[in-house]
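**Q** Below you'll find the structure I mean.
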Amino acid sequence: MENKPNSRKGLFITFEGGEGAGKTTQINLLKSFLKKKNFNVVTTREPGGTPEGERVRKFLVSGKINSWDAYSEALIFNAIRREHINKVIKPAINNGLIVLCDRYVDSTIVYQGIAGNVEQKFLLELHSKYCYNLYPHLTFFLNLSPLKGMERVKKRVDQTENRFENLGLNYHTKVYEGFLKLHKESPKRIINIDADLNENLVAKSIYSHISKLII
Ligand code: TYD
């Protein structure tokens with residue numbers, strides 16, 4: 001799905017990719033880049049983004065891998081997203097801000113849908129009925145092989161939020177292939193960024209795409 005930017009309103013930009021692809025680092029670098037250019041920027045994340053969503057996040061990203069099945073996850077991610085859109089994303093866009101969001105609907109399509117076997121039609125319907133069918137203006141898919149991503153994740157100090165990471169390489173290969181598929185289906189919205197480079201080169205490539213939208 002594509003979404004045309006409205007120049008009078010803000011911009012909604014999401015970051016997607018497998019585990020360890022460097023989304024957080026790139027969101028922070030892009031935020032500084034945009035702030036230097038005097039844009040008002042808000043950063044947020046999913047699951048989470050609101051105090052309520054952050055509380056629910058804890059239960060989703062920690063604990064045993066089979067604590068929730070993929071349908072339950074899909075419903076919960078959508079509930080968190082609806083609150084997030086109502087309380088954070090829509091107000092920010094309407095106030096002319098640039099919203100940088102760590103994961104959004106494409107993660108649900110890929111993790112619960114393609115890797116978790118929930119029908120895509122059901123997920124698209126949930127998004128359309130309960131999340132206003134709101135799509136980002138632009139999405140950066142940070143493309144890193146699942147093997148390399150998992151290697152990076154193992155080195156993290158905080159190992160509590162690792163329920164999804166523990167799903168194994170087979171699952172994460174499906175996640176990776178899922179993001180590639182979404183990029184191929186919506187190449188204008190979902191930009192494929194080579195994330196296997198040093199962070200400044202990855203950031204440069206992101207800036208070049210952003211500049212086309214904001215200048
Ligand atoms: P995140 O904090 O971005 O993890 P990481 O920084 O390790 O990439 O997201 C937490 C996990 O939630 C991540 O493993 C992917 C999963 N997730 C879904 O399965 N579906 C969704 O809709 C979202 C938003 C996240």
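The values are calculated or read from the model by the stated rules, or taken from the named source; none is laboratory data. For clarity, every value in this text was computed on a predicted model and none was experimentally measured. Areas reflect the complete protein model, heavy atoms only, side chains present, ligands, DNA and RNA absent. Shrake-Rupley method; radii C 1.70, N 1.55, O 1.52, S 1.80 Å.
**Q** Hey, what's the per residue convex hull volume over the C-alpha atoms of segment 58-169, in cubic angstrom? Write out the running numbers ahead of the final one.
**A** Details: hull volume 13.8 nm³, N = 112.
In segment 58-169, the Cα hull volume divided by residue count equals 123 Å³.
**Q** Report the extension gain between N86 and T25 in nm, rounded to one decimal, defined as 0.36 nm multiplied by the number of residues separating them, less their alpha carbon distance. Intermediate values should be presented prior to the final figure.
**A** On the way: separation 61, 0.36 × 61 = 21.96 nm, distance 2.62 nm.
So the chain would gain 19.3 nm between N86 and T25.
**Q** With contacts defined as alpha carbon pairs under 8 Å and 6 or more residues apart, what's the relative contact order of segment 33-85 in percent? Mind dumping the intermediate values first?
**A** Values: 29 pairs, mean separation 21.7, N = 53.
Relative contact order, segment 33-85: 41 percent.
**Q** Top mean-square fluctuation among R152, R189, R57, Gaussian network model of the chain, C-alpha springs under 10 Å?
**A** R152
**Q** A further question on this structure: How much accessible area per residue does segment 70-215 have, counting only protein heavy atoms and a probe of 1.4 Å, in square angstrom?
**A** Working: 7000 Å² over 146 residues.
Spelled out: the 1.4 Å probe surface of segment 70-215, per residue, equals 48 Å².
**Q** Also, quick follow-up: Using Cα springs under 10 Å in a Gaussian network model of the chain, which residue among G63, G48, G113 shows the largest mean-square fluctuation?
**A** Among G63, G48, G113, the largest mean-square fluctuation in the Gaussian network model of the chain belongs to G63.
**Q** Across the Cα atoms of the chain, what radius of gyration and what greatest pairwise Cα-Cα distance (Dmax) are found, in Å?
**A** For the chain, the Cα-based Rg and Dmax read 16.3, 47 Å.
**Q** What is the percent of Cα-Cα separations in segment 105-210 that go past 19 Å? Write down the numbers at each step before the final one.
**A** On the way: 2911 of 5565 pairs.
The proportion of pairs with Cα distances above 19 Å equals 52 percent.
**Q** Of the accessible area of the chain, with the probe set at 1.4 angstrom, what percent is carbon plus sulfur? Can you show the working numbers first?
**A** Details: 5940 of 10950 Å².
C and S atoms contribute 54 percent here.
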